[in-house]
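The values are calculated or read from the model by the stated rules, or taken from the named source; none is laboratory data. Please read all numbers here as calculations on a predicted model, not as lab measurements. With ideal geometry, Cβ positions are generated from the backbone for all residues, glycine too; neighbour counts draw on all protein chains shown.
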Amino acid sequence: MAPKKEKPRKAIAENRKARHDYFIEDTLEVGMVLAGSEVKSLRRGHTTIAESYASFEKGGLYLINANIPTLDEASHFNHEPRRPRKLLLHAKEMVKLQLALDRQGMTLVPLKLYFNDRGYAKLLLGLAKGKKQHDKRESAKTRDWNRQKARLMREKG
């Protein structure tokens, strides 16, 4: 039997700047507790997660400062655009993340927001460590050198 082919997931929102500002050590896919109007707004694709982060508050993990715009059609059942949204993950994963954040001074950065194959909104979280200015410059140099190297290889043969 042939292996199941995964279709590429279309990102609703992506935090491209996160890979520039942080070293991503590990990634984790988590679910989110959303209202109906939030899901409809996500499907329209006007969401931003660039300034957001995940943090442990009130005994759970929450996504803070993510902007999911309101819907005009939702009338009085609308949601607050920047409300904290509870993230869903297993207790073992939560303990592991809590230890990493406390011990190593790491941050939880949202990388991508998308719908999975079953239609559930998922968030790809990155366990990250901040980059210093010289690290950012080094990454830019490496990226430019790899681009030049690929260009040279194409020209030569």
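Here is how the numbers come out for the structure above:
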| quantity | calculated |
| --- | --- |
| Of residues in the stretch 44-58 being modelled with pLDDT of 85 or more and of a type in the set (G, A, S), the one surrounded by the most Cβ atoms within 10 Å (Cβ to Cβ) | A54 |
| Members of the stretch 67-80 found to be in a loop (DSSP other than H, G, I, E, B) and touching a residue at least 12 places away in the same chain (Cβ under 8 Å), listed by number | I68, P69, T70, L71, N78, H79 |
| Given (1) part of a helix (DSSP H, G or I); (2) on the phi > 0 side of the Ramachandran plot, index of the condition R103 fails | (2) |
| Verdict on E38 being farther than 27 Å from G130 by Cα, of a type in the set (D, E) and not in a loop (DSSP other than H, G, I, E, B) | yes |
| So K86, is it closer than 19 Å to I24 by Cβ and assigned to a strand (DSSP E or B) | no |
| Restricting the stretch 8-34 to residues that are more than 15 Å from the chain's Cα centre (by Cα) and at pLDDT 85 or above, the residue that is surrounded by the fewest Cβ atoms within 10 Å (Cβ to Cβ) | V33 |
| Selection status of L124, of a type outside the set (G, A, S), surrounded by 12 or more Cβ atoms within 10 Å (Cβ to Cβ) and either assigned to a helix (DSSP H, G or I) or in contact with a Cys (Cβ under 9 Å, 6 or more places away or on another chain) (or both) | no |
| Hits in the stretch 43-66 - residues which are part of a loop (DSSP other than H, G, I, E, B) and at negative phi | H46, T47, I49, A50, E51, S52, A66 |
| Yes/no for K129 being under 16 Å from V39 (Cβ atoms) and in contact with a Gly (Cβ under 8 Å, 6 or more places away or on another chain) | no |
| Of all residues making up the stretch 127-157, the number that are touching a residue at least 24 places away in the same chain (Cβ under 8 Å) and either closer than 17 Å to Y62 by Cβ or not in a helix (DSSP H, G or I) (or both) | 5 |
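Quick grid of which residues meet (1) in contact with a Leu (Cβ under 8 Å, 6 or more places away or on another chain); (2) surrounded by 16 or more Cβ atoms within 10 Å (Cβ to Cβ); (3) at pLDDT 90 or above; (4) closer than 18 Å to V33 by Cα:
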position	(1), (2), (3), (4)
E73	no, no, no, no
H76	no, no, no, no
P81	no, no, no, yes
A91	no, no, yes, yes
L99	no, no, no, no
M106	yes, yes, no, no
P110	yes, yes, yes, yes
